[in-house]
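Here the structure comes first, spelled out in structure tokens, and everything after it is commentary.
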Amino acid sequence: MKNFTSVHDLATNGTADNGAAIDALVQKALQYKTNPFVDKTLGSNKRIGCLFLNPSMRTRLSTQIAVQNLGMEAIIFNVGSEGWALEFEEEAIMSGNTVEHVKDAAPIFGKYFDILAIRTFPSLKNREDDYSELYINQFIKYAGIPVVSLESATLHPLQSLTDVITISEALKTSPIQKPKPKIVLTWAPHVKPLPQCVANSFSQWMTAWNKADFVITHPEDYELSEAFTKGTTITHNQNEALKDADFVYVKNWSTFKDYGKIYESNPEWMLTNKKLTLTNNAKVMHCLPVRRNVELSDEILDGPHSIITQEAGNRVWAAQAVISEILKNNG
Ligand code: CP
């Protein structure tokens, strides 16, 4: 693995089977959870630059902790608020607000760091631009060093790896009596248009993992890109989707077709304990941050079904597993 920007980067890890590659990375992460310092010299004398074009709590802190566990130094740069405004378009005439082209900045990051990690969000204004992943691809093109996505315009692979780790861990401690767990991704209400990244990414990883009966439920008009959901069962009936579910992943996203809008935010879509009675005593997941009593009810967040804090804790082991693979594969 050279870069880590989607589940497809795992295919370069020497196995054609993405499910097996995911499981191998999950096992590695769980080994780090048991013994965080087993590779404490792997990253000695190496430096990762973590560039944030957007705010973050979990991604920033878990990545810093993960690289420290590997003996590596992390330098955090809040480019979005502290750096020069970057231009990403090729052949741009830079007479507007942007001050420095990524073509000039990225190779310098390549001199300062051994790995570059980048957090960007979509504009939610222009779908083609966002789905071209221009920002992260320009860093990959010009930095000349491995690039790790800390969430991009359309995907959040470290979050999805964390989610598979958390599900695998839960299945070990509470095995289910059926060949595959039923995992439901449900849309939830929100007050602001949010990216589709977490939902796209979770869907992409569930499909590649191929070890779950995976169902997506959302109101009409909230279809995700087929690039990530092809072959998945999708229903607009949330109650039907929740029936016998073992895991319920709750997330809001804005519209994909008429891009970046909120069409309706029906509070009926918020998960409650009453709705959970339809499930197989399901465990509830969310990537955080969460708007309480809008996206998810207090009773769920504070109740026994939630494995959300454990999930956020696992962000460290996901980041450590990915960065250690990159260190091992790139000298
Ligand atoms: N889940 C997640 O990416 O959290 P942060 O936005 O706090 O990094």
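Structure notes:
- More than 15 Å apart - percent of Cα-Cα pairs taken over the stretch 78-137: 58
- Scaling against 2.2 N^0.38 Å puts the C-alpha radius of gyration of the stretch 159-313 at 0.95.
- Charge dipole (Cα centre; +1 on Lys/Arg Cβ, -1 on Asp/Glu Cβ; no other charges) of the chain amounts to roughly 980 debye.
- Karplus-derived 3J(HN,Hα), 6.51/-1.76/1.60, for each residue of the stretch 247-257, Hz, glycine and proline x: 9, 10, 9, 9, 6, 8, 8, 8, 5, 9, 5
- Packing rank of 44-54, 217-227, 263-273, where each peptide gets the mean count of other beta carbons within 10 Å, highest leading: 44-54, 217-227, 263-273
- Separation of the stretch 258-300 from the stretch 117-134 is 25 Å, based on Cα centroids.
- Violating pairs (Cα-Cα greater than 24 angstrom) within the set K180/K275; K141/K328; K33/K211; K251/K274; K192/K274: K192/K274
- For the stretch 259-331, the equivalent ellipsoid built from the Cα gyration tensor has semi-axes of 32, 18, 10 Å, listed from largest to smallest.
- Take the Cα radius of gyration of the stretch 83-203 and divide it by 2.2 N^0.38 Å, N being the number of residues; the result is 1.36.
- Net length gained if the chain between I65 and D258 were fully extended (0.36 nm per residue, minus Cα distance): 65.6 nm
- Calculated over the stretch 206-248, the projected area of the Cα convex hull averaged across directions stands at 3.2 nm².
- Counted residue by residue at 0.36 nm each, then reduced by the alpha carbon distance between them, the extension gain from D221 to E90 reaches 43.8 nm.
- Förster radius 25 Å - calculated FRET efficiency between T233 and D17, Cβ distance, rounded to 0.05: 0.65
- When the chain is treated as a Gaussian network with alpha carbon springs shorter than 10 Å, the biggest mean-square fluctuation among D246, D302, D23 belongs to D302.
- Based on every Cα atom in the stretch 1-74, Rg and the maximum pairwise Cα distance Dmax equal 13.7, 35 Å.
- The gain in end-to-end length when the N281 to D302 segment is fully stretched comes to 6.0 nm, 0.36 nm per residue minus the alpha carbon separation.
- Amide hydrogen neighbours beyond the local backbone of K283, cut-off 5 Å, H modeled: F247, V248
- Modelled FRET efficiency - R0 35 Å, Q31 with R291, Cβ distances, 0.05 increments: 0.50
- Estimated vicinal HN-Hα couplings, Hz - the stretch 194-210 in sequence order (Karplus 6.51, -1.76, 1.60; Gly, Pro = x): 10, x, 8, 3, 5, 5, 4, 5, 4, 5, 4, 6, 4, 5, 5, 5, 6
- Per-pair calculated FRET efficiency, R0 = 35 Å: T272 and K172 via Cβ, rounded to 0.05: 0.80
- Relative contact order [Cα under 8 Å, 6+ residues apart], the stretch 159-313, whole percent: 27
- Helix-only CD estimate at 222 nm, as mean residue ellipticity for the chain, using -39500 (n - 2.57) per DSSP H run (n ≥ 4): -11000 deg cm²/dmol
- Ordered from longest to shortest, the equivalent ellipsoid semi-axes for the chain are 32, 25, 17 Å, each the square root of 5 times a Cα gyration tensor eigenvalue.
- Positive-end ranking of L124, P55, Q31 along the dipole of the chain, with charges on Cβ about the Cα centre, is headed by Q31.
- Distance between modelled label sites at F77 and T98, nm, 7 Å Cα→Cβ extension: 1.6
None of the figures in this text is laboratory data; all of them are computed from the coordinates on show. Quantities reported herein were computed from a predicted structural model and do not represent experimental measurements. Glycine gets a Cβ as well: all are built from the backbone with ideal geometry, and neighbour counts include every protein chain shown.
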